[in-house]
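Engineer: Got a structure for you, written out below as structure tokens; questions coming shortly.
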Amino acid sequence: MKQIKTLFFKNRKLYILNQKLLPNKIQYVVCKKSKDIIYAIKNMIIRGAPAIGIAAAFGIAIASKEKNFNSFSQQKKYIIKTAKKLLETRPTAVNLKWAVERMLSKLKQYAESCLSITDLQNQLLAEAKKVLQEDIITNRKIAKNGVKLLKKNSVVLTHCNAGALACGGVGTALGIIIEAYHRKRIKMVYVDETRPYLQGARITTLELKLKGVPFTLITDNMAGYIMKTEKIDAIIVGADRIAKNGDTANKIGTYTLAVLAEAHKIPFYVAAPTSTIDKNIKTAKEVPIEERSIQEVVKISGIKIAPDGIKVRHPAFDITPSKLITAIITEKGIFRYPYRF
Ligand code: MRU
């Protein structure tokens, strides 16, 4: 098996790969209702900024069909209510907001042209499918652009999972790495395990294994030692939200890597679609950082690893200041500091 699908739409249902079960089981959650998609995003059955945006777009399309609406205004009200719930699921990844707003702007556009309830349903489903198709194309362009930054036989390090399972297509950071491997520009990939959810250990290694790319798994706190003792040519990560000045929110631990990269003079690259750039915010000060359940920190695979009743923090993302980012790779090209998108 070369690639596992993150999600697909069939017979009025969205099938979402349950990423919580990876790498041990390949199982899809069948989402018949928008509430199933809301649950899947909130509980990280699906994760990764572009992927949750795509799932949310289908959530809106499904919401427009899941009740016997008596009028167009009743249907519209219900869609808006669902959109609000979707937006509350995961606050940091702006792709979710981007996709929901895109669907709502279609709703507004079609509402003005007085379509029937069924017409609107069809149009929203077509739009959600378009969001997915566009991500596939965007991923490929990011990979093509990013490859140019890597020299022959590079050793790179990546964090979390910014691969196919975080997107609709080949992925962002991992899409570049896999494409570069095919062009003989990758010798080895160091994969951070990415505590506490272990997206690196569970998901990135699985993707690289399926693609036959040589990799070595390390725990997050080994990264500095590896940078000091091995020759690392580049660090490539994904992004959940990029401010207008290039400040980047990504999985917790990314900032630590960027500081270490600067200390060891290693280029630090961020790969993301332009839908991850939040043109409404000047700097990352305005990015809401998701705080997740402390249960995800005090337990590993359901097993308690810390005593009861202790103080625990779980910010799921951190901010890397734009000055520490060598380049941001998008489908529209490569941007460098000072960032002007
Ligand atoms: O909490 P997650 O797993 O959704 O976080 C994922 C990341 O931080 C990724 O790096 C980011 O979403 C980019 S995915 C192409």
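Engineer: Go through ALA249, ALA261 for me and flag whichever is part of a strand (DSSP E or B) and in contact with a helix residue (DSSP H, G or I) (Cβ under 8 Å, 6 or more places away or on another chain).
Structural biologist: Values: ALA261 fails: part of a strand (DSSP E or B).
The unique qualifying residue is ALA249.
Engineer: Test each condition in (1) under 20 Å from the mean Cα position of the chain (by Cα); (2) open to solvent by 50 Å² or more (accessible area, probe 1.4 Å) for ARG336 and report the one that comes out false.
Structural biologist: Every listed condition holds for ARG336 apart from (1).
Engineer: Next question. So, in region 14-47, of the ones that are free of Cβ contacts under 8 Å to residues at least 24 places away in the same chain and in a strand (DSSP E or B), which residue ends up surrounded by the most Cβ atoms within 10 Å (Cβ to Cβ)?
Structural biologist: Taking the candidates together, the pick is VAL29.
Engineer: Checking ASN95 against (1) in a helix (DSSP H, G or I); (2) out of contact with any Pro (no Cβ under 7 Å at 6 or more places or on another chain), which test does it fail?
Structural biologist: (2)
Engineer: Separate question: Inside region 157-197, can you point out the residues that are open to solvent by 30 Å² or more (accessible area, probe 1.4 Å) and either of a type in the set (Asp, Glu) or touching a strand residue (DSSP E or B) at 6+ places or on another chain (Cβ under 9 Å) (or both)?
Structural biologist: Listed by number, the residues that qualify are VAL170, GLU179, TYR181, ARG185, LYS187, MET188, GLU193, ARG195, TYR197.
Engineer: Please pick out the residue among ARG90, ARG140 that is modelled with pLDDT of 95 or more, over 27 Å from LYS32 (Cβ atoms) and within 14 Å of the ligand (Cβ to nearest atom).
Structural biologist: Of the residues listed, the single one that is modelled with pLDDT of 95 or more, over 27 Å from LYS32 (Cβ atoms) and within 14 Å of the ligand (Cβ to nearest atom) is ARG140.
Engineer: Separate question: Looking only at region 47-93, count every residue that is farther than 19 Å from GLU127 by Cβ, among the β-branched types (Val, Ile, Thr) and in contact with a Leu (Cβ under 9 Å, 6 or more places away or on another chain) and tell me the total.
Structural biologist: Result for region 47-93: 1.
Engineer: Looking at region 213-241, which of the residues that are within 16 Å of the ligand (Cβ to nearest atom) and among the acidic types (Asp, Glu) is farthest from TYR197 (Cα to Cα)?
Structural biologist: Only one residue fits best here, namely ASP240.
The values are calculated or read from the model by the stated rules, or taken from the named source; none is laboratory data. None of the values given here were measured: they were computed from a predicted structure. FYI the Cβ positions are ideal-geometry reconstructions off the backbone, even for glycines, and counts take in every protein chain you see. Side chains are part of the model used for accessible areas, which takes the heavy atoms of the whole protein and leaves out ligands, DNA and RNA. Shrake-Rupley method; radii C 1.70, N 1.55, O 1.52, S 1.80 Å.
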